[in-house]
Amino acid sequence: MFFVFSLFQSKGSFSCRLNSGSGLSSKSLICAVSRSSSDSVRSRKPENVAIVGSGIGGLSAALALLKTQNTGVDKITIFESRKGLDTDLGGALNINGGASVLINKYDLPIETISRPFSKVVARNADGSINGGRTLFELDLDKAVNNNPRAQETLRNHKNGNLLMLSVMRDTLQKMLYDEVMATEKVEIVRRRVSWLELVKNSKARVILDAADVFESEFDLIIGADGVKSVVRAFLAGNGSQERANYSGIRVQFAVNSKRYNENTLTNGVVSQWFGNGGFALHYGAGKDNELIAFPFRSTRKSRENSEYDSASIQDDCRHRMETCGMPLEIVNALDRCDRFIDTSTYYHKILPSSSNGVCILLGDSFHAMPPFLGQGANQSIQDAHVLAKCISEIGVNYSNQQSALLAYERIRKGPTAKIITTSRLAGWMETQPAPLGTFIRNSLFQALSSADLTARIFLNSSIPEIL
């Protein structure tokens, strides 16, 4: 609701070697992954791990493997196509269950870079200055206090603070990056995963853009490479199930990072307005940013995490907001913003199997979900924690690596599949385009609020499902 190389066989490992020919680019990296049962079932813990992708999920995976005791991991290599951290990529993240993991499990001080919120107020958008009638109010502090599981998991164990936080995506990514790169165990290789194909003898080759020689053997590959994951395509056997599905909803973000004024926002409150075909959110994000998010229905897709000309997005966003009846308060707030982003939202059907004993999926590559419950980053962080925990128990509760990876899948599939379904339904309901649909949506929100079910729906997705 809210928010490579010539192939060679190395038992149980992922192998890389430079290849300058074979009809590919003059310098390309081909990494071989054994898929045969004899090679993929490792009885030992993985020592050398590759992570594809250095977003929130990939960096959280590296952090979890480093912070969790007895994982056996000695070396982590992160593959990332971008040249560095992109500070203009994405808007804000709402962190709750993920904050519980990062703070209570790994002692990462994300409260220093985030802004707490304790209340959500939703109104009907009727074109007036401040918006129409109130549809529901959600007191998060009260909701958490009334739920024993939430009270245990959604508060900072040291200071008791409510772990309902907003943080800018790039700021959290930088904190994670600095934390994992502070150890000599981690290396980042800035090369793009460009292709993966099945070959004979139950193996696969991953082709990476390469500028020089890189050679290593990996015991485990974690695919955290987003909605268009190459690792996912490999595990799916290039079938249709690996493709991300467009939800039919785009989101335009407006960020005020230079002229922020605390007086422009009510501290700790997220304001929402629901109109015909779209809705708007307005809140403080991170320590010193103001953020507006405007999800709306659209048959036309934009590229994943793409940023276009700011002026054209601002004009388009203003026009769409006015058409949906958004209050002048939120429309005029666009003038304070200095950065605009237009992105499509996607979801995945979870694969029947997301592992072959050597490769495993995490985050959006595993379970991309629309953002309407604000759970994408939270679930990626929880994936990382559960995966590291399962790996640490190889030789104790699990006989081999494959058993541990299957346990991870089993633990994470249920909660994430439920959130995908619920968030798709929430997005469909929240962006109702017709007057009748809008009336039904608004009436439903008021009924849920009267029955005290709004808090239950929010907490059901926010409470971390971790070991």
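Some observations on this one:
- Surface exposure of the stretch 48-462, expressed per residue as accessible area with a 1.4 Å probe, stands at 40 Å².
- Rounded accessible area of E152 (nearest 10 Å², 1.4 Å probe): 130
- Gyration tensor verdict on the stretch 119-181 (Cα atoms; rounded if a/c is under 1.5, prolate if a/b is larger than b/c, oblate otherwise): oblate
- This model, with +1 at the C-beta of Lys and Arg and -1 at the C-beta of Asp and Glu, gives the stretch 317-447 a dipole about its Cα centre of some 320 debye.
- Counted by Cβ distance under 11 Å from Q69, the other residues give a net charge of +1, where Lys and Arg count +1 and Asp and Glu count -1.
- Values of log10 I(q)/I(0), in the order q = 0.26 Å⁻¹, for the stretch 396-467 under a Debye, Cα-only, solvent-free model: -1.17
- Accessible surface comparison of D315, D141, probe 1.4 Å, protein chains only, largest first: the order is D315, D141.
- A simple count of charges around Y408, restricted to other residues whose Cβ falls under 14 Å of its Cβ and scoring Lys, Arg +1 and Asp, Glu -1, yields +1.
- Highest mean packing comes first when the peptides 179-187, 419-427 are listed by Cβ atoms within 10 Å, giving 419-427, 179-187.
- The stretch 48-462: radius of gyration over Cα atoms, expressed as a fraction of 2.2 N^0.38 Å: 0.98
- For C359, the residues whose amide H sits under 5 Å from its own are I221, ignoring neighbours fewer than 5 places away on the same chain, with H placed 1.01 Å from N.
- Order of exposure, largest accessible area first, which applies to K45, K418 with probe 1.4 Å: K418, K45
- Proximity of backbone amide H atoms, modeled 1.01 Å from N, is registered between L93 and V167, M168, R169 at under 5 Å, excluding neighbours fewer than 5 places apart on the same chain.
- Heavy-atom accessible area, probed at 1.4 angstrom with all protein chains present, ranks R336, R456 as R456, R336, highest first.
- With all pairs of separate Cα atoms included, the stretch 391-431 yields a Kirkwood hydrodynamic radius of 12.0 Å.
The values are calculated or read from the model by the stated rules, or taken from the named source; none is laboratory data. None of the values given here were measured: they were computed from a predicted structure. Reconstructed Cβ throughout: ideal geometry from the backbone, glycine too, with neighbour counts over all protein chains shown. Ligands, DNA and RNA are stripped out before the accessible areas are found, and what is left, the full protein with its side chains, is counted by its heavy atoms. Shrake-Rupley method; radii C 1.70, N 1.55, O 1.52, S 1.80 Å.
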